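The values are calculated or read from the model by the stated rules, or taken from the named source; none is laboratory data. Keep in mind the model is a prediction, meaning the values are calculated, not measured. Ideal geometry is used to build each Cβ from the backbone, glycine not excepted, and the neighbour counts take in all protein chains shown. These area figures cover heavy atoms from the full protein model, side chains too; ligands, DNA and RNA do not enter into them. Shrake-Rupley method; radii C 1.70, N 1.55, O 1.52, S 1.80 Å.
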Amino acid sequence: MVAGWISGVVALAAFVPYVRGILRGQTRPNIASWWIWTTVGACLCASYLSVGSRTSIWTPIGYVIGPLLIAILSLRYGQKGRTWLDSFCLLSATASLILWWWT
C-alpha cells in the first residue's frame, strides 16, 4: 500500500516542472492535448477501479490530477485557437473512446 502511494506521489510530482514552466511563461500548453490526456488518465483510473484495485490506484490518480491541472492552466496560458490537427486529434480521441466503450 505504501509503495502504491509513493508511486502516485512520484507520478504527480513529474508534472511540477511543467506547471512551473507554464506559470513562469516559459511554455504554452496545447489545450486539446492536455484535455485528451486528462481523459485518458480518467479512463485509466476508471479501469483500475473497475477491477477492484485499491492499493495501486494512486498512480492513475496522479495521471488524472497532473494533466487536469495543466489542462485547466492551458485555458488561461495555453495556445489560443484551434488548428486542423487539434480538431483531428480531438475527433480521433472521441472516436477511440466510443470504440473502447463499445468493445
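General observations
- Against the test of being more than 13 Å from Tyr18 (Cβ to Cβ), part of a helix (DSSP H, G or I) and of a type outside the set (Phe, Trp, Tyr), the options Gly52, Gly66, Gly62 yield a single qualifying residue, Gly62.
- Within the range 45-71, tally of residues that are within 14 Å of Phe15 (Cα to Cα) and open to solvent by 40 Å² or more (accessible area, probe 1.4 Å): 5
- Being surrounded by fewer than 16 Cβ atoms within 10 Å (Cβ to Cβ) and on the phi < 0 side of the Ramachandran plot is true of Thr94.
- Test for Ser33: is it surrounded by 12 or more Cβ atoms within 10 Å (Cβ to Cβ), in a loop (DSSP other than H, G, I, E, B) and polar (S, T, N, Q): no
- When the test is whether a residue is hydroxyl-bearing (Ser, Thr, Tyr), under 20 Å from Tyr77 (Cβ atoms), free of Cβ contacts under 8 Å to residues at least 60 places away in the same chain and part of a helix (DSSP H, G or I), Ser7 does not pass it.
- Residue among Tyr18, Tyr48, Tyr77, Tyr63 that is without any contact (Cβ under 8 Å) to a residue 40 or more places away in the chain and hydroxyl-bearing (Ser, Thr, Tyr): Tyr48
- Condition met for Ser74 (surrounded by 11 or more Cβ atoms within 10 Å (Cβ to Cβ) and either part of a loop (DSSP other than H, G, I, E, B) or at pLDDT below 90 (or both)): no
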